[in-house]
Amino acid sequence: MKRFRALAGRRASGRVLDIGAGRTDDLPPYAHISHLALVGAGDRRVAELPLQAETVDAEPEDLPFPDRAFDVVVCRFALTRAKRPALAAREIARVLRRTGQLLFLDTAPTTRLDVDALMHLRHGGLITHDVDWSWPRSRTPLVQGVATHPDPQYVREIAWLRGAR
């Protein structure tokens with residue numbers, strides 16, 4: 001968890017959507033943000049929130065934000081806890097800007113490791129980078145990484161390889 005907080009603290013800037021911060025100490029040390037929206041933050045008092053923060057009562061499957069609203073989405077355990085994980089991944093992709101990054105941390109079932117979380121992201125239209133696994137003692141394995149929208153050139157090349165016009 002400490003590595004993920006450090007990653008999110010370094011990479012998060014601009015408009016940030018944070019999904020799954022259950023407690024104030026779960027939040028990364030955001031330094032370069034212009035706006036922070038918290039989904040799944042529970043009942044927090046305004047005094048506990050960082051500056052430029054708002055809490056939003058919503059589910060990851062139905063985010064009440066316009067398309068391409070965020071530069072960075074930080075997502076902790078929201079895909080495996082969502083009722084419909086594939087829809088949650090599509091919603092995250094929808095609110096993420098084309099050049100934005102999704103920073104994710106999720107559990108990896110011991111039988112299939114990272115398949116669940118990564119496949120949901122892929123079906124949502126995102127590609128993963130810098131994926132890392134860890135096996136904390138007496139806990140479920142974790143998978144973390146970065147996901148982005150595919151480069152338009154990549155999309156065109158894949159379509160060409162598949163024979164699409």
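The values are calculated or read from the model by the stated rules, or taken from the named source; none is laboratory data. Because the structure is predicted, anything quoted here is derived from the model rather than measured. All Cβ positions, even for glycine, are placed from backbone atoms using ideal geometry, and neighbour counts span all protein chains on display.
Some values worked out for this structure:
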| quantity | calculated |
| --- | --- |
| Residue match in segment 114-131 (condition: out of contact with any strand residue (DSSP E or B) (no Cβ under 6 Å at 6 or more places or on another chain) and at pLDDT below 75) | yes |
| Count of residues meeting criterion [of a type in the set (Gly, Ala, Ser), modelled with pLDDT under 90 and farther than 11 Å from Ala117 by Cα] in segment 83-101 | 0 |
| Members of segment 92-106 that are under 21 Å from Leu27 (Cβ atoms) and part of a helix (DSSP H, G or I) | Ile92, Val95 |
| In segment 56-67, the residues that are part of a strand (DSSP E or B) and either modelled with pLDDT under 85 or surrounded by fewer than 17 Cβ atoms within 10 Å (Cβ to Cβ) (or both) | Val56, Asp62 |
